[in-house]
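Novice: Pasting in a structure now, in structure tokens, and then I'll have a few things to ask.
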Amino acid sequence: MALEALANAFGERLIPRWKDYESASPIAKLRIVVVNLKMPEPNFETDPWAAVIWLVKIRNKVAHAKPEYIKFDKTMSRAEFERQRFDAPTSKLELEISLENAERAYKTIDVIFELLCKHTPIEQLDGLLSDGFSGTVSISESKNA
């Protein structure tokens, strides 16, 4: 989801009528931004771009999760049974959710963000490097406030 948010943030800033691309896949959105920035074509065989494919697959598995029938047959000692008897078997999706994969995802997003920033004209980076807001507040002196 962070990858798509990143593509949307840069797309909104750089590409007129970005809303025309809102229903595109996260990879398509990222490619549109890359082309617009005149970056080298992504090589989806090597990281960080290969990890982009992996991230989108994980995102789709989470967003469109389906029940999984898990068959668990195992012979174990009584002690092993006592240790595990309240632990449900792990689904394929649950096996993919790990600290190692979270670190890989974070690193991938960070590298892609740095690449996009490096190729974005400095005058268009405002608001992309950090969150922020601006505005004013006035105190109302009326008796009804």
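The values are calculated or read from the model by the stated rules, or taken from the named source; none is laboratory data. What you are looking at is a predicted structure, and each value in this text was computed from that prediction instead of being measured. Note that we place each Cβ from the backbone using ideal geometry, even for glycine, and neighbour counts take in every protein chain shown. These area figures cover heavy atoms from the full protein model, side chains too; ligands, DNA and RNA do not enter into them. Shrake-Rupley method; radii C 1.70, N 1.55, O 1.52, S 1.80 Å.
Novice: Heavy atoms only, probe 1.4 Å: what % of the accessible area of the chain goes to carbon and sulfur, would you let me know? Each step should come with its number before you reach the end.
Specialist: Values: 6080 of 11140 Å².
Roughly 55 percent, rounded to a whole number.
Novice: Hey, if we sort LYS74, LYS38 by accessible area with the 1.4 Å probe, largest down, what's the order?
Specialist: Numbers: LYS74 110, LYS38 170 Å².
Descending accessible area places them as LYS38, LYS74.
Novice: On to the next question. Please give the FRET efficiency for LYS107 paired with GLU82, using the beta carbon to beta carbon distance and R0 = 30 Å, rounded to the nearest 0.05.
Specialist: On the way: r = 39 Å, r/R0 = 1.31.
The pair LYS107/GLU82 has a calculated efficiency of 0.15.
Novice: Further question on the same structure: List the lysines whose Cα sits under 24 Å from the Cα of LYS74, skipping any in the same chain fewer than 8 residues away.
Specialist: The reachable lysines, counting only those whose Cα sits under 24 Å from LYS74, are LYS92.
Novice: Can you grab the distance from the C-alpha centre of the stretch 123-144 to the C-alpha centre of the stretch 40-82, Å, no decimals?
Specialist: Taking the Cα centre of each part, the stretch 123-144 and the stretch 40-82 sit 42 Å apart.
Novice: Viscosity 1.002 mPa s, temperature 20 °C: give me the Stokes-Einstein translational D for the chain in µm²/s, with Rh taken as the Kirkwood radius over C-alpha pairs. Each step should come with its number before you reach the end.
Specialist: Details: Rh = 19.1 Å.
Approximately 112 µm²/s, per Stokes-Einstein.
Novice: OK, next. Cβ neighbours within 10 Å, averaged per peptide: list 63-72, 41-50, 105-114 in order, most packed at the top. Numbers along the way, then the final one.
Specialist: Working: 63-72: 7.6, 41-50: 13.5, 105-114: 16.1.
Put in order of decreasing packing, that is 105-114, 41-50, 63-72.
Novice: Express the accessible area of the stretch 2-124 per residue in Å², computed with a 1.4 Å probe while the remaining protein chains stay in the model. Each step should come with its number before you reach the end.
Specialist: Working: 8720 Å² over 123 residues.
Per-residue accessible area for the stretch 2-124 comes out at 71 Å².
Novice: For the pair ALA9/PHE72, report the inter-label distance in nm, with labels modelled 7 Å from Cα in the Cβ direction.
Specialist: 4.0
Novice: If you don't mind, there's one more thing I want to ask. With θ taken as phi - 60° and the coefficients 6.51, -1.76 and 1.60, list the Karplus ³J(HN,Hα) couplings across the stretch 11-27 in order, rounded to whole Hz; mark glycine and proline as x.
Specialist: Ordered by residue, 3J(HN,Hα) equals x, 4, 6, 9, 10, x, 6, 3, 4, 5, 9, 4, 8, 6, 5, x, 5 Hz.
Novice: Rank-order 137-143, 4-10 by packing density, defined as the average count of other C-beta atoms within 10 Å over each peptide's residues, highest first.
Specialist: Numbers: 137-143: 5.3, 4-10: 19.3.
Averaged packing, sorted descending, gives the order 4-10, 137-143.
Novice: OK, next. Suppose the Debye formula is applied to equal point scatterers at every Cα of the stretch 92-145; what is log10 I(q)/I(0) at q = 0.17, 0.23, 0.26 Å⁻¹?
Specialist: The computed values of log10 I(q)/I(0) come out as -0.75, -0.94, -1.01.
Novice: Given the -39500 (n - 2.57) contribution per DSSP H run of 4+ residues, what per-residue ellipticity at 222 nm results for the chain, rounded to the nearest 500 deg cm²/dmol?
Specialist: Values: 6 runs with 72 residues, N = 145.
Mean residue ellipticity, 222 nm, calculated: -15500 deg cm²/dmol.
Novice: Between HIS119 and ILE139, what is the label-point separation in nm under the 7 Å Cα-to-beta-carbon projection?
Specialist: Reported label-point gap for ILE139 and HIS119 is 5.1 nm.
Novice: Under a point-charge model restricted to the Cβ atoms of Lys and Arg (+1) and Asp and Glu (-1), what is the dipole moment magnitude of the stretch 2-124 relative to its Cα centre, in debye to the nearest 20? Write down the numbers at each step before the final one.
Specialist: Working: 19 positive and 19 negative charges, 60 e Å.
Taking the Cα centre of the stretch 2-124 as origin, the dipole is about 280 debye.
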